[in-house]
1. Consider GLY213 carefully, then state whether it is of a type in the set (Gly, Ala, Ser), touching an Asp or Glu at 6+ places or on another chain (Cβ under 8 Å) and open to solvent by less than 10 Å² (accessible area, probe 1.4 Å).
2. With respect to GLY196, is the statement that it is over 16 Å from the mean Cα position of the chain (by Cα) and at positive phi true?
3. Suppose we filter region 87-108 for residues that are more than 20 Å from VAL32 (Cβ to Cβ) and among the hydrophobic types (A, V, I, L, M, F, W, C); how many remain?
4. Say whether the condition of being farther than 24 Å from ILE111 by Cβ, surrounded by fewer than 24 Cβ atoms within 10 Å (Cβ to Cβ) and either touching a Lys or Arg at 6+ places or on another chain (Cβ under 8 Å) or at pLDDT 95 or above (or both) is met by at least one residue in region 177-186.
5. Taking the options ARG279, ARG314, name whichever one is outside any loop (DSSP other than H, G, I, E, B) and surrounded by fewer than 18 Cβ atoms within 10 Å (Cβ to Cβ).
6. All but one of (1) closer than 18 Å to PHE216 by Cβ; (2) among the aliphatic types (A, V, I, L, M); (3) modelled with pLDDT under 95 hold for VAL124; state the number of the condition that does not hold.
7. Please indicate, with yes or no, whether at least one residue in region 247-266 is of a type in the set (Phe, Trp, Tyr), modelled with pLDDT of 90 or more and surrounded by 21 or more Cβ atoms within 10 Å (Cβ to Cβ).
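The values are calculated or read from the model by the stated rules, or taken from the named source; none is laboratory data. Fair warning: this is a prediction, and the values are worked out from it, not measured in the lab. Methodologically, a virtual Cβ is constructed for each residue, glycine included, from the backbone with ideal geometry; neighbour enumeration extends over all protein chains shown. These accessible areas exclude ligands, DNA and RNA; they are computed on the full protein's heavy atoms, side chains included. Shrake-Rupley method; radii C 1.70, N 1.55, O 1.52, S 1.80 Å.
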Amino acid sequence: MPAGLLAFSIALVASVFLTAPVRALAIRVGMVDLPGPRKVHLQPIPLLGGLAIYAAVVIAALFSTSGPARSQIFGILAGATLVAAAGVLDDRGWLHHQIKLFVAMPIAAGILLAGGIHAQVFSVLVGGHTGYLLDAALTVLWVVGITASFSILDHMDGLCAGVAAVASAFFATLALLHGQTLVTSLAAAVLGAGAGFLRWNFKPAKIFMGDGGAMFLGFLMATLGLKLRLEQADHLSAWLAPVLILGAAIFDTALVTFSRSRRGLLPFATPGKDHAAHRLANLGLGQRGAVLTMYVVGTFAGGAGVLVSYLSRRGALLVAALAFLCIATGIAFLENAPYERQRQKTAPQPSSVA
């Protein structure tokens, strides 16, 4: 308990006070997000807020852990640093988005695997070398998917930081209940850093975290899901809990993936104002109402994650079915809500000579 409180307190204070100089640095070096057709802000907003979040989490995690836990934290932060750096380069326009998705994120997942952090799904069911290989593949898929989900979730003031903070609170709660000090400290650090950043990022935002911050948070969310161990829970309940805790980000990604694929667009390569928060805002909630609604979705999903950890396999299957039904219903409802549709890129037509 003291380690978690220490991590949260350090990260909260560091995030609040480091964001101001980071904002000044972003303005000085010209790292600003300009208004555009797929943006919701009307004035240039400084980027690099992810640097303050990164520093806050690193400081808190290192000061609240010791011994073997700190050694493992170094390995986790190595992968997190890689994806954060890739995100900053993308923010600067120096890196293609496919490099992030198909190179940086899988390599970061490989760093976790090298450090012994991986999914434990198939190894329990199949066992042996085959089980490990299947779990390794699942680990890469999970890390890439969750990191990418948070990367595209950063499209409205306070959304990504708030959703990550809510999920971290539930990861910290479950880890505390099951005596996992490292997971508790890391989750508490992310909670503190996200909450502190909201002081600057909630509408009207004075700074954005940028893709570096969003990918950093997404990678840590994926890592917390892998590290969480519910030894006394049913196997199905144990791996379902992290999925439910990250339900808000997964729901948004499922919505845009279904919607864009149905319109013949590439889900992760066609940004636009068609996310869940955009559609909720267009239904009359406004930007603040839409973001708060996504916080509520994350809270219900996190609560379901805690609940399922205490259920039998039959109960876990029922919760999984209800979660799937909620996602399908939400997608069907929001797909009919007003949103700005992207246009497919067409090849330029040759000019005719009269």
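1. yes
2. No.
3. 8
4. Yes: region 177-186 contains one or more residues that are farther than 24 Å from ILE111 by Cβ, surrounded by fewer than 24 Cβ atoms within 10 Å (Cβ to Cβ) and either touching a Lys or Arg at 6+ places or on another chain (Cβ under 8 Å) or at pLDDT 95 or above (or both).
5. ARG314
6. (1)
7. yes
Listed here are the residues, each with its yes/no results for (1) under 18 Å from ALA60 (Cβ atoms); (2) among the aliphatic types (A, V, I, L, M); (3) touching a Leu at 6+ places or on another chain (Cβ under 6 Å).
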| site | (1), (2), (3) |
| --- | --- |
| GLY192 | yes, no, yes |
| LEU198 | yes, yes, no |
| GLY218 | no, no, no |
| LYS227 | yes, no, no |
